[in-house]
Amino acid sequence: MLHDADLVFGAGCSWTATPFNMQMPKGKKMVHLTLDPADINKDIASDHALVGDAALALDALIEEVRDRLKGKPRGRLGAVTGKIRALKEEWLGQWMPRLTSNSAPLSPYRVIWDLMHTVDVPNTIVTHDSGSPRDQLVPFWQCKTPRSYIGWGKSTQLGYGLGLAIGAKLAAPEKLCINVWGDAAIGFTGMDIETAARAKLPILSILMNNYVMAAELNVMKFSTEKFHSTDISGNYADFARALGCYGERVSEPGAIVPAIKRALEKINDGQPALLEFMTERQSPRSAEG
């Protein structure tokens, strides 16, 4: 849809050029709405620039468009939404074998799929860590309510998602707050699950453990061979229990949903929970992320 568009309108974004973002197509008319004037023409040239609060500017834009159209629709909504729906269904069909895989070690996509279909999504706030967990979660998690997803774009500091989940639980104690991370991320900030236990902030940590920093394998071949830099190991469910949380290790696909339900019971009782899923070493990445 981005490449077929005759106009690309970015609202509330920086349009920073980075491998972690969608690449903007060439030759399109670009309209950029941002609160920070320093973002205008920083990486991508804009044909029209709007500097201001996104919500206020969008409200004003809607009024202007409504006036120009004299309150009448253009008659293109059905065709456009139908095309989007068809493209999404085709893409999701290609990924469904991964999302419903019965493999062991587990497919991380199966973990995310089962998680999304087990928790009460409208009453959940979810975040991810950088690297593989972000790539695996972002294309498939479907939020139902505003402010229920905390994304952090191109930032790559490992372990940041845990603090976001703890902060979300402080801000919205009635919500289920989840962070999805990997074995590298827990190596950076894992001790802070003790903070959640001590402060009685029952969050749910979904840990993908494949005993390797998979996202870096192709760019750290020498250091992996010489220093085992990407090789990681540990029993993180035991670690979680030692720090006052509920911990459970899951290695079979049929055990994913029951484990999530047990963790939710512990969270309802006021105890943070960490579920450690033993996942495959390498897995494909969706370009839709």
*Every residue from region 139-169 that is of a type in the set (Ser, Thr, Tyr), out of contact with any Phe, Trp or Tyr (no Cβ under 7 Å at 6 or more places or on another chain) and over 18 Å from Asn123 (Cα atoms)*: Ser155, Thr156
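Would you mind finding the one in Ile232, Ile256 that is at pLDDT below 95 and not small (Gly, Ala, Ser)?
Details: Ile256 fails: at pLDDT below 95.
One residue alone meets the criteria, Ile232.
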*Please indicate, with yes or no, whether at least one residue in region 57-75 is out of contact with any Lys or Arg (no Cβ under 7 Å at 6 or more places or on another chain) and touching a residue at least 60 places away in the same chain (Cβ under 8 Å).*
no
*asked:* Among (1) among the hydrophobic types (A, V, I, L, M, F, W, C); (2) surrounded by 11 or more Cβ atoms within 10 Å (Cβ to Cβ); (3) over 30 Å from Lys169 (Cα atoms), there is one condition Ala79 misses while meeting the rest; what is its number?
replied: (2)
*Sort through Gly163, Gly153 and tell me the only one that's in contact (Cβ under 8 Å) with a residue 24 or more places away in the chain and either at positive phi or within 13 Å of the chain's Cα centre (by Cα) (or both).*
Gly153
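Report whether or not Asp120 is of a type in the set (D, E, K, R), crowded, with 20+ Cβ neighbours inside 10 Å and either at pLDDT below 95 or on the phi < 0 side of the Ramachandran plot (or both). I'd like the intermediate steps shown before the answer.
Details: of a type in the set (D, E, K, R): yes; crowded, with 20+ Cβ neighbours inside 10 Å: no; either at pLDDT below 95 or on the phi < 0 side of the Ramachandran plot (or both): yes.
Against the criterion (of a type in the set (D, E, K, R), crowded, with 20+ Cβ neighbours inside 10 Å and either at pLDDT below 95 or on the phi < 0 side of the Ramachandran plot (or both)), Asp120 does not qualify.
Residue-by-condition table, conditions (1) modelled with pLDDT under 95; (2) surrounded by fewer than 19 Cβ atoms within 10 Å (Cβ to Cβ); (3) not in a helix (DSSP H, G or I):
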site: Asp192; (1), (2), (3): no, yes, no
site: Pro202; (1), (2), (3): no, no, yes
site: Ala215; (1), (2), (3): yes, no, no
site: Asn218; (1), (2), (3): yes, yes, no
site: Ser223; (1), (2), (3): yes, yes, no
site: Lys226; (1), (2), (3): yes, yes, no
site: Ala240; (1), (2), (3): no, no, no
*Sort out which residues of region 152-184 are touching a helix residue (DSSP H, G or I) at 6+ places or on another chain (Cβ under 7 Å) and among the hydrophobic types (A, V, I, L, M, F, W, C), and write them in order of number.*
Trp152, Leu158, Leu162, Ile166, Leu176, Cys177, Ile178, Val180, Trp181
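Yes or no: region 163-182 includes at least one residue that is at pLDDT below 95 and surrounded by 19 or more Cβ atoms within 10 Å (Cβ to Cβ).
yes
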*Has region 18-38 got at least one residue that is surrounded by 11 or more Cβ atoms within 10 Å (Cβ to Cβ), among the aliphatic types (A, V, I, L, M), in a loop (DSSP other than H, G, I, E, B) and in contact with a helix residue (DSSP H, G or I) (Cβ under 9 Å, 6 or more places away or on another chain)?*
yes
*When you go through (1) of a type in the set (Ser, Thr, Tyr); (2) touching a strand residue (DSSP E or B) at 6+ places or on another chain (Cβ under 9 Å); (3) not in a loop (DSSP other than H, G, I, E, B) one by one for Thr81, which number turns out not to apply?*
(2)
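Any chance you could count how many residues in region 1-17 are loosely packed, with under 14 Cβ neighbours inside 10 Å and assigned to a loop (DSSP other than H, G, I, E, B)?
Residues of region 1-17 that are loosely packed, with under 14 Cβ neighbours inside 10 Å, as a first pass: 1-7, 12-13, 16-17.
If we keep only those that are assigned to a loop (DSSP other than H, G, I, E, B) too, we end up with 1-6, 12-13, 16-17.
Residues flagged as loosely packed, with under 14 Cβ neighbours inside 10 Å and assigned to a loop (DSSP other than H, G, I, E, B) within region 1-17 amount to 10.
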*asked:* Which of the numbered conditions does Tyr149 fail, given that it passes all the others? Conditions: (1) buried (at least 24 other Cβ atoms within 10 Å of the Cβ); (2) at pLDDT 90 or above; (3) hydroxyl-bearing (Ser, Thr, Tyr).
replied: (1)
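The values are calculated or read from the model by the stated rules, or taken from the named source; none is laboratory data. Everything numeric here is computed off the predicted structure, so don't read it as measured data. Counting neighbours? That spans all protein chains shown, and the Cβs are built from the backbone with ideal geometry, glycine included.
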